[in-house]
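Below is one structure; the comments refer to it alone.
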Amino acid sequence: NAGVTQTPKFRVLKTGQSMTLLCAQDMNHEYMYWYRQDPGMGLRLIHYSVGEGTTAKGEVPDGYNVSRLKKQNFLLGLESAAPSQTSVYFCASSYVRSRLTYYEQYFGPGTRLTVT
Amino acid sequence: GENVEQHPSTLSVQEGDSAVIKCTYSDSASNYFPWYKQELGKRPQLIIDIRSNVGEKKDQRIAVTLNKTAKHFSLHITETQPEDSAVYFCAASRPNFGNEKLTFGTGTRLTIIP
C-alpha cells in the first residue's frame, strides 16, 4: 500500500514552459486535492475533485488546470509557467466517514517546482 | 468563505515545558478541526482532530480544545520533546453537500530547545 504518491519530486522549468504533475492514490479515496505551499502562507488549495470526472476550483486556481479521468489519479497542469508558481506542491486524498462528512486528508510527499 | 487564523507563527519552548497554539475560524457552520504536523522536508500528517460535538480530545501528550461560541480551537503539547520540533497547521471544514474541503491556517513553527 503506497498511499499517495507524486511524480516528479523535483522540477525546474523556464518561464512559459508547460508541465503536468501526477498524483496517484491506492486507498480508493473519493476526494483528491492539490495544494501549494509557500513560506509563511500555509497550504493553499488550488483545485480539488470529489469524484472521478469532477473538478472544482479552490482558493488559488489561476494558471492551473486539473483532470480526474480515473479515480486513483489527479493531474495538475501548468500551461505557461511563471516565476510566481515556484512552490512546493502537495497532493492529498481523503474519504468521507458516514453522513457526518468528517474526514482526514492523506498527503503525498510533495513536488518542488522552480520556475526561472 | 472560511478564514482560519493561527497564532503564533513561531514558538520556542524549553524541552519538557508545554506548548500551546491557537486558531480562530470565521464560519460558524464549520464542524471538523484537524491539526497537522509537518517535519522539515516531509509531508503534513494528521496528529489529532476534533469534531464540533465535543469540547476536548486527548491523545497521550497532545490535546485539542474547541470553543464553538468563541470560534477558536487550540493545540496543547505537554512534556515537549525534541521530536516535537516541526511546523503545525490547524484547519477547519464545514459540511458542504459533497464538496467538503479544508481551510488551513498559516502554520506555527515550533522549536524545542534542549
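Coordinate-derived values only; no laboratory data. Nothing here was measured: the structure is a model prediction, and the numbers come from that model. Here Cβ is always computed from backbone atoms with ideal geometry, including for glycine, and neighbour counts include all displayed protein chains.
The rows are residues; the columns are (1) touching a helix residue (DSSP H, G or I) at 6+ places or on another chain (Cβ under 9 Å); (2) surrounded by 14 or more Cβ atoms within 10 Å (Cβ to Cβ); (3) of a type outside the set (S, T, Y); (4) at positive phi.
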residue	(1), (2), (3), (4)
A:Y31	no, yes, no, no
A:M41	no, no, yes, no
A:R44	no, yes, yes, no
A:G63	yes, yes, yes, yes
A:A82	no, no, yes, no
A:T86	no, yes, no, no
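List the pairs whose first member sits in the range B:31-60 and is without any contact (Cβ under 8 Å) to a residue 40 or more places away in the chain and surrounded by 13 or more Cβ atoms within 10 Å (Cβ to Cβ), whose second member is in a loop (DSSP other than H, G, I, E, B) and basic (K, R), and whose Cβ atoms are under 8 Å apart, counting only residues at least 6 apart or on separate chains?
Pairs that qualify, where the first residue is without any contact (Cβ under 8 Å) to a residue 40 or more places away in the chain and surrounded by 13 or more Cβ atoms within 10 Å (Cβ to Cβ) and the partner is in a loop (DSSP other than H, G, I, E, B) and basic (K, R), are B:S52/B:K68.
Having 3 or more residues that are touching a Phe, Trp or Tyr at 6+ places or on another chain (Cβ under 7 Å) and either of a type in the set (A, V, I, L, M, F, W, C) or buried (at least 21 other Cβ atoms within 10 Å of the Cβ) (or both) is the bar; report the strands (runs of 3 or more DSSP E) wholly within the range B:61-103 that clear it. So that I can check it myself, show each step before the final result.
Numbers: elements: B:62-67, B:72-77, B:86-92.
Here the list reads B:86-92.
Do we have any residue at all in the range B:53-68 that's among the acidic types (D, E) and within 12 Å of chain A (Cβ to nearest Cβ)? First the steps, then the outcome.
Residues of the range B:53-68 that are among the acidic types (D, E), as a first pass: B:56, B:59.
With within 12 Å of chain A (Cβ to nearest Cβ) added as a condition, the list becomes none.
Within the range B:53-68, not a single residue is among the acidic types (D, E) and within 12 Å of chain A (Cβ to nearest Cβ).
Could you list all residues from the range B:1-39 that are part of a loop (DSSP other than H, G, I, E, B), away from chain A (no Cβ under 14 Å) and over 11 Å from B:R94 (Cβ atoms)?
B:E15, B:G16, B:D17, B:S18
Taking into account only those residues within the range A:24-46 that are part of a strand (DSSP E or B) and more than 10 Å from chain B (Cβ to nearest Cβ), which is nearest to B:T10 (Cα to Cα)? So that I can check it myself, show each step before the final result.
First pass over the range A:24-46, keeping only residues part of a strand (DSSP E or B): A:24-25, A:31-37, A:43-46.
With the extra rule that they be more than 10 Å from chain B (Cβ to nearest Cβ), the set shrinks to A:24-25, A:32, A:34, A:36, A:46.
Numbers: A:A24: 33, A:Q25: 33, A:M32: 30, A:W34: 26, A:R36: 21, A:I46: 26 Å.
If we take residues in the range A:24-46 being part of a strand (DSSP E or B) and more than 10 Å from chain B (Cβ to nearest Cβ), then A:R36 is nearest to B:T10 (Cα to Cα).
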